[in-house]
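Heads up, the thing below is written out as structure tokens.
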Amino acid sequence: MDSKLMSKYLIIIAVIITFISSSEANAIVSLLGSVPDSSGKGSLMKLYKISGEITSMDVNQVKSVVQSIGPWTILSFDLDSSGGDIYAAMEIGKLIRKARATCVIRPGAKCYSACVFVLSGAVKRDVYGEVGIHRPFSTYVGKRDYESTQNEYRRTETAVRTYLREMNLPGQLFEAMVVVPPEKIRILSDKELEAFGLSGTDPVEQDTEDATDASRYGISKTECIRRKASLDRVCPSPDLYSASPAQWVAYSDCRQAYMFGLDLPTYKARAARAKDVCSGYKPGEEYHSCYLRVLRGDR
């Protein structure tokens, strides 16, 4: 599934589940829902929510989530947090990066302070709510002299700069953080989110994805990028909130047909045949490989 279509699915799921999962509202890391794969035997996507104050206890929860997903499952985290422990947030961000997961901030949600480091870890970041930054600070409580505080500040500065560099984010993000006192918050505009790399797709992930997609569709990388650039014109997006499930299926079919270089009837016929031909395979690499071969006309 291409990244733009996946992003739309994720925000729709997040909005719908907001109304049906209130019993889990107090959970820090909770499963919101999943989307079955084309075989009906596994999950195409799993959507979790990270909410409330971020603490060291959340690291193990996220680690368990990352370890539980299959190799073909798309993982996404719906963020709604005012912050917390920055070191825990960076550890969570590293786990999210390892899983090549997406983070979504839906309309009405927020990602402030340490939460931004969780967002930074995602390879895809879909921001519809608020992202707020300020100077990272220690959660230590008690008397401390200036020299000790200075050492702690430098240690935090080094850790944050190193982390942001590992996440392929510009040093300007840290510079923007440190000029905002901890008791204040600076809400980033869409342009600032883009400039700081906090929205859209990580550049390394984008390059990896383009190479993988070119192989998937059986075309050159240059041709893959060209087709992606034309997708919005060829397959206009339905309205994000009012479109019916059938409209989203039609939108997905249009995009996949175009990327495979097929007309819509041929794509649908091959997709139906693929489900039948590949039904004997378990979810995973063999089923995925079989399905793609049929769509490409190789089988």
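The values are calculated or read from the model by the stated rules, or taken from the named source; none is laboratory data. This is a predicted model, so every value here is computed, not measured. Using ideal geometry, Cβ is built from the backbone for each residue, glycine included, and neighbour counts are taken over all protein chains shown.
Quick one: in the range 267-277, which of the residues that are under 29 Å from the mean Cα position of the chain (by Cα) and crowded, with 18+ Cβ neighbours inside 10 Å is farthest from residue 252 (Cα to Cα)? In this case the residue turns out to be 274.
The rows are residues; the columns are (1) without any contact (Cβ under 8 Å) to a residue 12 or more places away in the chain; (2) more than 26 Å from residue 71 (Cα to Cα); (3) not charged (D, E, K, R).
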site	(1), (2), (3)
113	no, yes, yes
150	yes, yes, yes
155	yes, yes, no
178	no, yes, yes
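Checking every residue in the range 251-266 against the condition of being surrounded by fewer than 18 Cβ atoms within 10 Å (Cβ to Cβ), among the charged types (D, E, K, R) and under 17 Å from residue 216 (Cβ atoms) gives at least one match. The condition (being of a type in the set (Phe, Trp, Tyr) and at pLDDT 90 or above) is satisfied by just one residue among 267, 281: 267. Within the range 246-263, the residues that satisfy the criterion of being hydrophobic (A, V, I, L, M, F, W, C) and within 20 Å of residue 226 (Cβ to Cβ) are 254, 257, 259, 260, 262.
Within the range 219-241, the residues that satisfy the criterion of being hydrophobic (A, V, I, L, M, F, W, C) and assigned to a helix (DSSP H, G or I) are 224, 225, 229, 231, 234.
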